[in-house]
Amino acid sequence: MAVNAGRAATDKLVRRRHWTIPVAYDLTGIIGQLYGVTVCPMIEIAGPGGIVAQRLIGEGWERPAALAASVRQFVAGQPAQ
């Protein structure tokens, strides 16, 4: 979700990062407040029952290797670093 960001800037980021996932636009920040999204990018890893177990915040998690390592740690029962 793009929080408080314009469509043009977000579209540019999506193209640069080759993202293929849908991006929602929250121009006023209301949805971000509702779900506790204060910064983008933010990735949430959910466990059984859809309960959020880890919240990864910041651009470092956009790298596939960093995200894969965090998911492996989660599956092994270790906290993200």
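Work out, step by step, the length gained on full extension between VAL52 and ILE21: first 0.36 nm times the residue separation, then minus their alpha carbon distance; give nm to one decimal.
Numbers: separation 31, 0.36 × 31 = 11.16 nm, distance 1.94 nm.
Gain in length upon complete extension: 9.2 nm.
Quick check for me: using +1 on Lys/Arg Cβ and -1 on Asp/Glu Cβ, what's the dipole size of the chain about its Cα centre, in debye to the nearest 20? Intermediate results must be reported in sequence, preceding the final value.
On the way: 8 positive and 5 negative charges, 51 e Å.
About 240 debye.
Taking the C-alpha atoms only, the angle from helix 64-75 to the longest principal axis of the chain is near 50 degrees.
Here, each number is a calculation from the coordinates, and none is a lab measurement. Computed from a predicted model, the values in this text were never measured in an experiment. Counting neighbours? That spans all protein chains shown, and the Cβs are built from the backbone with ideal geometry, glycine included.
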